[in-house]
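The values are calculated or read from the model by the stated rules, or taken from the named source; none is laboratory data. Quantities reported herein were computed from a predicted structural model and do not represent experimental measurements. So basically every Cβ, Gly included, is an ideal-geometry build from the backbone, and we count neighbours across all protein chains shown.
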Amino acid sequence: MTISDTAPRLLLRGGAVVSMDPGIGTLAHGDVLIEGGRIVAVAGSLGEIDAETIDTTAMIVAPGLVDTHRHTWQTQLRGLCGNWTLTDYFNGVRLTASPCYGPDDVRLGNRAGALEAVDAGVTTILDFSHCMNSPDHADGAVEGLFSSGIRALHCYGFFESAPGASVFADHAARLGDFERLAATGRFGDRLRLGVALTETGLVPWRDTVAEITTARGADVLMATHTGCVWGSRVTGAVLDLEAAGLLGPDQVHVHANNLGPQEWRALASAGAKVSTSPETELNMGMGRLAIASCLAHAMAPTLSADTVALNAGDLFTQMRLALAAMRQDDNDPINQRGAMPERLTHSAGDALRWATGNGAEALGLGGRIGSLTSGKDADLIVVGGPAFAAWPVVDPEASMVFQASPATVRHVLIGGRWAKRDGALVGVDMTTLRRDVEASAEGIRERMRLRSPTLPPSPIFDAQAIEEFAAMNLAER
């Protein structure tokens, strides 16, 4: 394990406390006591206590951030998609880069990507893992996550990630490999198993049904890309899922930019969850963020970093972009009337909720993490230190959203154990890790060049062919 193996008795003393617990609120100065890996008490002052004391004066203590959708394996593709559309991404990453990953590449990508998240104060991720080229790839993905020390929901992807070179005889064999992995005994309190569904329309309807049935048979959470391809049937079968009784509270629907009123009512009625990836969606032409639609249907928005193949791997960036996009949408009609808004409709505290408690609830962990509440696991972060953006702390919630960055995350605790301390990851040989990831990335790029002389590659399937394919796949429903 990367994080320290023992959970010390700790007292975080004197910092601003952004608890995200409505009964506690935000304290200008406060103490947090941790024992046995759990939060024991949160108060303005806890007096003299026999514990290792960490001085958090002039810093901010907050819950660890929760990312509800991250393609962690794509770490070696950092920045590749900076000028790519979603179509470019599908052809260049899903169909070109993915087959070029070996099992050790997936392991390294997951380890380094998870550590990047921890370094940025993200203590829990939904790992949407759709580079399962073989059983060894699946094992590597799990090993990479576990060795990082992060809390994670590893969602095994059923997508055909190595078209033309698959080691799986058919779709049923992929489902069988998920069941093999589930039976290995590798999953437990910190690392849980889930499922990443193939996008509706990309496989025959019977396979979509089989994927959901398999996930429910294993009693695990599902994640799926939904409503993000405009003008296409792909990712758009929400009402078909509802009619078949396949929607449910055990699903996280990612993006959801182009859904209509009926589809939103279906998701809300089913108790489904929604994950928004602001930086990806705004840059790749996926449309307005779904946060307003979530709120209109009494659904709790959550946030994700999606992929470092395009954007930043921290949730501070995603909170800022989400809040800015929401405010712009709300303020634009007022501006168009030649006026200025009298008040802002969404606060920094709202954005923090999207990235903490809401995310925890979406992953089935609301009773465990997401707020600094007595009895919950001690997944928390301390933001502060020497960086200019870390001081002074005037409004702790605003500082967390608008000023914080990975560089200002001083400490990270996961289950009460140190994962980052004094600005450095605990137990991580960064020199070796960087060397290994760089070598892996170069090998992947070389294999990609052999597959396609240009990036992004020319579309493997044109839009008409994809729609004909999707229509055929959905015809049997």
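Okay, residues lined up against (1) closer than 19 Å to Leu303 by Cα; (2) modelled with pLDDT of 95 or more; (3) of a type in the set (S, T, N, Q):
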| residue | (1), (2), (3) |
| --- | --- |
| Ser98 | no, yes, yes |
| Gly102 | no, yes, no |
| Asn110 | no, yes, yes |
| Asp127 | yes, yes, no |
| Ala138 | no, yes, no |
| Ala141 | no, yes, no |
| Gly144 | no, yes, no |
| Ala152 | yes, yes, no |
| Tyr156 | no, yes, no |
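Condition test on Asp67, is it touching a Leu at 6+ places or on another chain (Cβ under 9 Å), surrounded by 24 or more Cβ atoms within 10 Å (Cβ to Cβ), outside any loop (DSSP other than H, G, I, E, B) and among the acidic types (Asp, Glu)?
yes
What do you reckon, is Val426 buried (at least 16 other Cβ atoms within 10 Å of the Cβ), at pLDDT 95 or above and in contact with a Leu (Cβ under 6 Å, 6 or more places away or on another chain)?
no
Restricting attention to the stretch 173-211, which residues are β-branched (Val, Ile, Thr) and in contact with a strand residue (DSSP E or B) (Cβ under 7 Å, 6 or more places away or on another chain)?
Val195
Taking the condition of being of a type in the set (Gly, Ala, Ser), touching a Lys or Arg at 6+ places or on another chain (Cβ under 9 Å) and either under 14 Å from Met59 (Cβ atoms) or crowded, with 24+ Cβ neighbours inside 10 Å (or both), how many residues in the stretch 394-423 meet it?
Residues meeting the conditions: 1.
Hey, does the stretch 302-313 have a residue that's in a strand (DSSP E or B), touching a residue at least 40 places away in the same chain (Cβ under 8 Å) and in contact with a Phe, Trp or Tyr (Cβ under 8 Å, 6 or more places away or on another chain)?
Yes.
Taking only the stretch 212-256 into account, find how many residues are touching a helix residue (DSSP H, G or I) at 6+ places or on another chain (Cβ under 7 Å), in a helix (DSSP H, G or I) and crowded, with 23+ Cβ neighbours inside 10 Å.
Total satisfying the criteria: 1.
Can you tell me which residues in the stretch 449-477 are over 26 Å from Tyr101 (Cα atoms), of a type in the set (S, T, N, Q) and surrounded by fewer than 16 Cβ atoms within 10 Å (Cβ to Cβ)?
Selection gives Gln464 alone.
Just name the residue that is farthest from Thr408 (Cα to Cα) out of those in the stretch 434-448 that are aliphatic (A, V, I, L, M) and buried (at least 16 other Cβ atoms within 10 Å of the Cβ).
My answer is Met448.
Which one of Phe168, Phe187 is under 23 Å from the mean Cα position of the chain (by Cα), surrounded by fewer than 24 Cβ atoms within 10 Å (Cβ to Cβ) and in a loop (DSSP other than H, G, I, E, B)?
One residue alone meets the criteria, Phe187.
Here are some residues: Ala141, Ala97, Ala112, Ala120. Which one is among the small types (Gly, Ala, Ser) and closer than 30 Å to Asp462 by Cβ?
That would be Ala97, the only listed residue that is among the small types (Gly, Ala, Ser) and closer than 30 Å to Asp462 by Cβ.
Is there a residue in the stretch 416-423 that is more than 26 Å from the chain's Cα centre (by Cα) and within 25 Å of Gly144 (Cβ to Cβ)?
no
Going by what's in this entry, would Ile444 be described as in contact with a helix residue (DSSP H, G or I) (Cβ under 7 Å, 6 or more places away or on another chain), in contact (Cβ under 8 Å) with a residue 12 or more places away in the chain, under 30 Å from His171 (Cβ atoms) and outside any helix (DSSP H, G or I)?
no
In the list Leu344, Leu425, Leu372, which residue meets the criterion of being in contact with an Asp or Glu (Cβ under 7 Å, 6 or more places away or on another chain), within 30 Å of Leu267 (Cα to Cα) and of a type outside the set (D, E, K, R)?
Residue meeting the stated conditions: Leu372.
Among the residues of the stretch 38-64 satisfying the criterion of being of a type in the set (A, V, I, L, M, F, W, C) and assigned to a loop (DSSP other than H, G, I, E, B), which is surrounded by the most Cβ atoms within 10 Å (Cβ to Cβ)?
Among those that are of a type in the set (A, V, I, L, M, F, W, C) and assigned to a loop (DSSP other than H, G, I, E, B), it is Met59.
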